[in-house]
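FYI, it's all coordinate maths here, none of it is from the lab. In this text the structure is predicted, and so the values were computed from the model without any measurement.
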Amino acid sequence: MANSGRRERPAETVQVEARRAADPIRNALRTGGMCAVEVGSKRRTLMHDPTIDVPRRPWPWPLRLFQPHPVRYVVYEDVRRVSGHIFVRGQIDQAIGYFLRDVGPEAPVTVQLKGPG
């Protein structure tokens, strides 16, 4: 098995109160990660995975640094997906607001950051 020289960093998972969650969520979405919160019987997730959420036609360098990348919002009830929405990277603050709507300020939000080490 060949070694590519690039090691994958283990996922770092933290729990923060909803009132303090916006910055950790923003950081996770910027580099690749997932966030989850329980609201009643549903689980909301907000995620960006650079290996999956890449544009179909990348813009030429250096413009691709500004190219929008999707952020996926999905709601589950038990294991069944009940709704979802795609936000582009320029809508991260809107996506975070939507993700945290109707969530109490002390509710625990799980933030998982993953990426190369």
Rounded, prolate or oblate for the chain? Axes are the square roots of the Cα gyration tensor eigenvalues, ordered a ≥ b ≥ c, and the cut-off for rounded is a/c under 1.5.
prolate
Run the numbers for residue 86 and residue 20: contour at 0.36 nm per residue of separation, minus the present Cα-Cα distance, in nm.
21.4 nm
Which value in deg cm²/dmol, rounded to the nearest 500, describes the helix-derived mean residue ellipticity at 222 nm for the chain, given -39,500 (n - 2.57) per DSSP H run of n ≥ 4 and division by the residue count?
-4500 deg cm²/dmol
Label the stretch 74-117 by shape, choosing from rounded, prolate and oblate, from the square roots a ≥ b ≥ c of the eigenvalues of the Cα gyration tensor; if a/c is under 1.5 it is rounded, and otherwise prolate applies when a/b is larger than b/c, oblate when it is not.
rounded
